[in-house]
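Following: one structure in structure tokens, then a few remarks.
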Amino acid sequence: MSSGRKILSAVEIRKSFKSPGGGLTEVLKGASLDVFENESVSISGESGAGKTTFLNIAAALESPDAGEVHWLGRRIDALSNSAQSALRAEFMGFVFQNCCLIPELNARENVEFAARIAGRHRGRKSRERAEGLLEFAGLGGRMRHLPSQLSGGEKQRVAIARALMNEPSVILADEPTGNLDERTGEAVMQMLLSLCSEGRASLLLITHNPDFARRTSRSVRISHGIACEV
Ligand SMILES: Nc1ncnc2c1ncn2[C@@H]1O[C@H](COP(=O)(O)OP(=O)(O)OP(=O)(O)O)[C@@H](O)[C@H]1O
Ligand SMILES: [Mg+2]
């Protein structure tokens, strides 16, 4: 257990969805999780257990039916969507299974784009930061490649560089290695874990891979709507 600052806190989250055939499915029944500064936390659980739903609620991309979400000690779930978006752009970076790079922009421009969205683009300074992050991602030789000219693992590393652009406190990753072969997945995983050990960000990672889960500072399993430390 880390003794650092609490970065992200989701408390007693409840969420039900209407089933298409009528009735309600109770997916989360009071799930709670804290993420501390520079720690990595993995979330595992069966398909349909509610992992993505929980991550989306922690990111304020979805509203809980009950419970609270705090970022750096500030309650977030009750804020307006626009206030949430503005805070999210500074506070969080995202890496998903399909990494959603913009096809018309090259690797460097995709990374810079995160700063544009957050209204933080500062000309050459931002360009140089994007280049530095791509170097960190081992993509110094791929700055001008379009997504269509990159391999799956390279695209995923561009997505990680993009997620880091605004110096987020935490990276949220939903099965970021799901589409990658073993070796490439390992490289992406090492990069994500190194963020925490180098003090760049905390990591909240959904993974089905038990080996990856073991390598995070803490592992949590979502089962029957509850998050339990394992
Ligand atoms: N918008 C929605 N409307 C109705 N049901 C939903 C909705 N979103 C999610 N669900 C249901 O909630 C449950 C949890 O979904 P979720 O995507 O969180 O699972 P998961 O643990 O991420 O699964 P996987 O490992 O397959 O990605 C599923 O049974 C799903 O059908
Ligand atoms: Mg999921």
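Just so it is clear, none of the values below were taken in a lab; they were calculated from the coordinates. Since the structure is predicted, the reported quantities are computational estimates derived from the model, not experimental observations. Cβ coordinates were reconstructed from backbone atoms using ideal geometry, including for glycine residues, and neighbour counts include every protein chain displayed.
A few notes on this one:
- Estimated FRET transfer efficiency when R0 is 45 angstrom, pair residue 82-residue 151 (beta carbons, to 0.05): 0.75
- Packing-based order for 207-219, 150-162, using average beta carbon neighbours within 10 Å, highest first: 150-162, 207-219
- One chain, two ends: residue 72 and residue 179. Fully extended at 0.36 nm per residue, the span grows by 35.3 nm beyond their Cα-Cα distance.
- Nearest-0.05 FRET efficiency for residue 223 and residue 17, computed from C-beta distance (R0 22 Å): 0.80
- Note on the stretch 6-229: Kirkwood radius taken over Cα pairs, Stokes-Einstein applied at 37 °C and 0.692 mPa s, translational D equal to 184 µm² s⁻¹.
- Our Cα-only numbers for the stretch 191-230 put the radius of gyration and Dmax at 11.2, 35 Å.
- When you count the other C-beta atoms within 10 angstrom of each residue and take the mean per peptide, 124-134, 108-118 line up highest first as 108-118, 124-134.
- Placing unit charges on the Cβ atoms of the charged side chains and taking the dipole of the chain about its Cα centre, the candidate lying farthest along the positive direction among 19, 63, 126 is 126.
- Square roots of five times the Cα gyration tensor eigenvalues for the stretch 1-113, Å: 25, 20, 15
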